[in-house]
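Encoded as structure tokens, the structure appears first; notes follow it.
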Amino acid sequence: MATGNRVGKWAGRKLARRIGKSVPIVGTAVALGYLAHSVRRKGLFGGLAHTALDALPIVGTVKNGIELFTDDWFPDRPQVTPSSPGSAGLPPRSRPGRRNRGE
């Protein structure tokens with residue numbers, strides 16, 4: 001039984017090492033996946049800077065840890081208000097082919 005425990009521990013360490021090596025690559029891929037969302041929300045410069053810092057393994061971790069306790073380093077753009085007051089309260093458009101029965 002001692003040999004089985006040894007093999008199990010060895011396999012666990014080897015798996016943990018492999019997963020540990022792939023974490024920075026996966027984190028960078030996730031940060032790049034959110035690039036378009038970040039640029040839309042924060043503007044071109046803010047979105048690119050936010051994503052670039054998040055893509056760097058140690059820097060992104062430290063930045064996100066600090067942002068847990070403080071506000072965003074790159075704030076979101078202000079919300080755009082409609083130009084005419086009447087266009088804000090328009091009902092949603094109906095979709096052709098979809099009818100509500102009984103209403």
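No lab work stands behind these numbers, since they all come straight from the coordinates. Predicted model only: the values in this text are computed from it and were never measured. Counting neighbours? That spans all protein chains shown, and the Cβs are built from the backbone with ideal geometry, glycine included.
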Checklist line | Estimated distance in nm for a label pair at V62 and W10, the labels positioned 7 Å out from Cα along Cα-to-Cβ | finding: 3.9 nm
Margin query: Cut-off under 29 Å on the C-alpha distance; same-chain residues fewer than 8 positions from K42 excluded. Which lysines are left, in chain and number order?
Written below: K63
Next item on the list: Apply 1/(1 + (r/R0)^6) to the Cβ-Cβ distance of R77 and L32, taking R0 = 22 Å, and write down the FRET efficiency to the nearest 0.05.
Entry: 0.60
Notebook entry, point to check: Where a ≥ b ≥ c are the square roots of the eigenvalues of the C-alpha gyration tensor, would you call the range 29-80 rounded, which needs a/c under 1.5, or, failing that, prolate if a/b is larger than b/c, or oblate?
Noted result: oblate
Next item on the list: Treat every Asp and Glu Cβ in the range 25-77 as -1 and every Lys and Arg Cβ as +1, leave all other atoms uncharged, and give the resulting dipole magnitude about the Cα centre to the nearest 20 debye.
Entry: 180 debye
Next item on the list: Which order do the peptides 33-44, 3-14 take when ranked by the mean count of other beta-carbon atoms within 10 Å per residue, highest first?
Entry: 33-44, 3-14
